[in-house]
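S.K.: Questions regarding the structure given below will be posed in turn.
The values are calculated or read from the model by the stated rules, or taken from the named source; none is laboratory data. Bear in mind the structure is a predicted one, so any value in this text is a computation, not a measurement. Note that we place each Cβ from the backbone using ideal geometry, even for glycine, and neighbour counts take in every protein chain shown. Only protein heavy atoms, including side chains, enter the accessible area calculation; ligands, DNA and RNA are left aside. Shrake-Rupley method; radii C 1.70, N 1.55, O 1.52, S 1.80 Å.
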Amino acid sequence: LRRRRAEPLLFSAGMDSAKQEAGGAAAGGDAAVRAVGAHGGNVLREKLADTKDPKATVRTFLEDNSLRTPSCQQAHQLLDLIGFTRADQHLGILLKLKRRLLARLEGAPVDKQLALLEKVFPYISVQELRELPLTILSNLPRVPASYLVTLAQSASLVAELPLPVRRQVWSQPSAEDVFESFLCGAPPGTGGLFHHYYVHPKVQGLGGGLLLAPAGPKKSRAANKALQEIVAAVGDSTLLYTRTLNALAASFEALAPDPALSSLRLHLPLAVQEASGGGPKHLAETDPALKLALALALAGKDKHAP
């Protein structure tokens with residue numbers, strides 16, 4: 001505690017959005033959400049608006065919502081005297097208890113982790129508590145759909161999820177726009193992986209048309225970070241690969257015809273194939289441009305390309 005001057009326990013993250021993201025009974029259950037974070041501030045504000053004794057209201061609120069640590073009372077009094085606020089002390093206790101709980105999650109049965117997820121998921125927007133639901137989501141072999149639908153409503157939360165969980169979110173019918181924004185940016189053309197691919201020096205340094213086709217060496221594809229991120233995001237999912245092709249087609253139609261997008265369209269199946277040692281089984285059936293990409297790559301390798 002002496003080494004850590006922490007932020008107050010009333011976190012700045014939005015608990016109101018956390019309650020909304022918890023999806024009510026669908027994800028997070030009917031249990032009451034504790035008054036912490038911005039949600040706690042809103043609860044206290046409502047109580048103060050209706051009271052004639054603000055001091056008593058604040059005191060009661062603190063008694064009802066503070067950490068109950070009777071075994072630490074003497075330590076609290078000592079730390080009070082040397083200048084540590086109760087917020088500092090409580091956060092130190094919170095972090096210690098959180099580490100202990102995270103350690104218990106290792107190897108815990110799936111049913112127990114699901115039961116705990118139901119209790120902690122409403123607090124996923126509270127930064128200091130977010131690690132708990134994220135860890136459980138990472139441990140589950142398959143995340144229940146109710147949580148995935150809720151997570152898809154927040155692009156910032158999706159960005160913090162481990163990649164296997166993000167793929168599950170992106171695969172939801174309601175998350176097609178979220179995945180498209182990840183690829184194309186929001187609004188389209190203002191960022192996203194497609195844009196990062198375009199500004200890569202090896203793409204910018206080439207001319208136009210089929211000079212950007214996959215006649216270059218395999219190392220060039222491996223060195224393009226944006227291309228590799230797209231490959232990692234798609235994984236072996238037929239649905240996500242198809243959505244990526246659709247997003248590419250939509251970008252090409254919406255923006256001025258761009259040879260960089262044509263380059264990406266032909267590089268993508270080769271990069272997927274190279275990353276997975278021959279490509280996922282669906283690739284030959286899913287991508288009608290695969291044979292063309294392979295032919296151009298072979299022609300370039302044999303120096304027969306025009």
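S.K.: Take the residues in the stretch 109-128 that are of a type in the set (Val, Ile, Thr) and part of a loop (DSSP other than H, G, I, E, B); name whichever of them is nearest to LEU161 (Cα to Cα).
M.R.: So, considering only residues that are of a type in the set (Val, Ile, Thr) and part of a loop (DSSP other than H, G, I, E, B), the one nearest to LEU161 (Cα to Cα) is ILE124.
S.K.: Another question about this same structure. Are any residues in the stretch 76-85 part of a helix (DSSP H, G or I) and surrounded by 14 or more Cβ atoms within 10 Å (Cβ to Cβ), and if so, which ones?
M.R.: HIS76, LEU79
S.K.: Next up: Output the residues belonging to the stretch 228-239 that are part of a helix (DSSP H, G or I) and either charged (D, E, K, R) or buried (at least 18 other Cβ atoms within 10 Å of the Cβ) (or both).
M.R.: GLU229, ILE230, VAL231, ALA233, VAL234
S.K.: Give the residues of the stretch 131-150 that are part of a loop (DSSP other than H, G, I, E, B) and without any contact (Cβ under 8 Å) to a residue 60 or more places away in the chain, sorted by residue number.
M.R.: Correct list: LEU140, PRO141, ARG142, VAL143.
S.K.: Name the residue that is least open to solvent (accessible area, probe 1.4 Å), counting only residues in the stretch 151-187 that are under 29 Å from ASP258 (Cα atoms) and in a loop (DSSP other than H, G, I, E, B).
M.R.: Filtering first and then ranking leaves GLY185.
S.K.: Scan the stretch 249-259 and tell me whether some residue there is open to solvent by 50 Å² or more (accessible area, probe 1.4 Å), of a type in the set (Asp, Glu), assigned to a helix (DSSP H, G or I) and at pLDDT below 85.
M.R.: Looking for residues that are open to solvent by 50 Å² or more (accessible area, probe 1.4 Å), of a type in the set (Asp, Glu), assigned to a helix (DSSP H, G or I) and at pLDDT below 85, one finds at least one in the stretch 249-259, hence yes.
S.K.: LYS96 is checked against (1) over 22 Å from ARG68 (Cβ atoms); (2) in a helix (DSSP H, G or I); (3) not β-branched (Val, Ile, Thr) and fails just one. What number does that condition carry?
M.R.: Condition not satisfied by LYS96: (1).
S.K.: Restricted to the stretch 113-122, and to residues that are touching a residue at least 60 places away in the same chain (Cβ under 8 Å) and open to solvent by less than 40 Å² (accessible area, probe 1.4 Å), which residue is nearest to PRO144 (Cα to Cα)?
M.R.: So the residue we want is PHE121.
S.K.: OK, next. Exactly one of (1) over 24 Å from the mean Cα position of the chain (by Cα); (2) at pLDDT 85 or above; (3) under 21 Å from GLN172 (Cβ atoms) is unmet by ARG243. Its number?
M.R.: (1)
The rows are residues; the columns are (1) free of Cβ contacts under 8 Å to residues at least 12 places away in the same chain; (2) at negative phi; (3) open to solvent by 70 Å² or more (accessible area, probe 1.4 Å).
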residue	(1), (2), (3)
LYS55	yes, yes, yes
LEU62	yes, yes, yes
LEU91	no, yes, no
ALA103	yes, yes, no
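Per-residue answers, yes or no, for (1) part of a helix (DSSP H, G or I); (2) at pLDDT 90 or above; (3) under 30 Å from LEU151 (Cβ atoms):
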| site | (1), (2), (3) |
| --- | --- |
| GLY29 | no, no, yes |
| ALA32 | no, no, yes |
| ASN42 | yes, no, yes |
| GLU46 | yes, yes, yes |
| LEU62 | yes, no, no |
| CYS72 | yes, no, no |
| ALA87 | yes, no, yes |
| ARG104 | yes, yes, yes |
| GLY107 | no, no, yes |
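S.K.: Could you check VAL110 against (1) under 27 Å from the mean Cα position of the chain (by Cα); (2) β-branched (Val, Ile, Thr); (3) surrounded by 15 or more Cβ atoms within 10 Å (Cβ to Cβ) and say which number it fails?
M.R.: VAL110 satisfies every listed condition except (3).
S.K.: Looking only at residues in the stretch 260-297 that are touching a residue at least 24 places away in the same chain (Cβ under 8 Å) and polar (S, T, N, Q), which one is surrounded by the fewest Cβ atoms within 10 Å (Cβ to Cβ)?
M.R.: My answer is SER276.
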